[in-house]
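Taking it in order: structure first as structure tokens, then the write-up.
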Amino acid sequence: MKTFLQLIIGIAVCIGAAFLLRINPEAEYGWFMGAVHGLLLVPNWLISLFDSSWLIKAPLHTRIYNIDWWVCGILDIAYWIWAIIGAVISIVRSR
């Protein structure tokens with residue numbers, strides 16, 4: 001149960017961060033925000049399922065934004081897969 005709560009709290013914190021760092025379609029973003037938006041890929045994707053105007057990637061960006069977004073996005077997806085598998089294994093072991 002503790003692991004499941006940690007996963008839910010992690011998702012809530014990430015979704016809160018995604019709301020605080022919402023992508024403005026009229027602004028051009030550089031390398032740092034590429035890393036931030038990449039790390040918030042999964043929460044942004046979850047929000048975009050319910051809000052069609054929510055952006056996952058900035059339409060106006062530099063080349064290094066694109067590179068950082070992909071690198072951090074892949075790391076973010078790998079982290080969430082690892083966290084979910086770890087939570088499931090922990091729940092199964094505790095039974």
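All told, V13 falls short of being assigned to a helix (DSSP H, G or I), open to solvent by 70 Å² or more (accessible area, probe 1.4 Å) and farther than 30 Å from R95 by Cα. Screening P25 with (1) of a type outside the set (S, T, Y); (2) modelled with pLDDT under 95; (3) outside any loop (DSSP other than H, G, I, E, B) gives one miss only, at (3).
Please enumerate the residues belonging to segment 54-73 that are of a type in the set (F, W, Y) and either open to solvent by 80 Å² or more (accessible area, probe 1.4 Å) or more than 20 Å from A12 (Cα to Cα) (or both). Correct list: Y65, W69, W70.
Has segment 50-63 got any residue that is touching a Gly at 6+ places or on another chain (Cβ under 8 Å) and of a type in the set (S, T, N, Q)? Yes, some residue in segment 50-63 is touching a Gly at 6+ places or on another chain (Cβ under 8 Å) and of a type in the set (S, T, N, Q). I'd like the full set of residues that are in a helix (DSSP H, G or I) and either at pLDDT 90 or above or not small (G, A, S) (or both), limited to segment 79-95. Y79, W80, I81, W82, I84, I85, V88, I89, I91, V92, R93 - these are the residues of segment 79-95 that are in a helix (DSSP H, G or I) and either at pLDDT 90 or above or not small (G, A, S) (or both).
The single residue among I11, I15 that is of a type outside the set (G, A, S) and either touching a His at 6+ places or on another chain (Cβ under 7 Å) or modelled with pLDDT of 90 or more (or both) turns out to be I15.
Checking the stated criteria, D76 turns out to be open to solvent by less than 30 Å² (accessible area, probe 1.4 Å) and of a type in the set (D, E).
Each residue in segment 22-53 was checked for being closer than 30 Å to S90 by Cβ, over 9 Å from the mean Cα position of the chain (by Cα) and either among the polar types (S, T, N, Q) or surrounded by 14 or more Cβ atoms within 10 Å (Cβ to Cβ) (or both), and 3 pass.
Condition first: out of contact with any His (no Cβ under 7 Å at 6 or more places or on another chain), in a helix (DSSP H, G or I) and of a type in the set (A, V, I, L, M). Can you find one or more residues in segment 53-60 that meet it?
No, that holds for no residue.
The values are calculated or read from the model by the stated rules, or taken from the named source; none is laboratory data. Everything numeric in this text was worked out from a predicted model, so none of it was measured. Don't worry about glycine lacking a Cβ; one is built from the backbone with ideal geometry, like all the others, and counts go over all protein chains shown. Quick note on the areas: whole protein, heavy atoms, side chains included, nothing else; ligands and nucleic acids left out. Shrake-Rupley method; radii C 1.70, N 1.55, O 1.52, S 1.80 Å.
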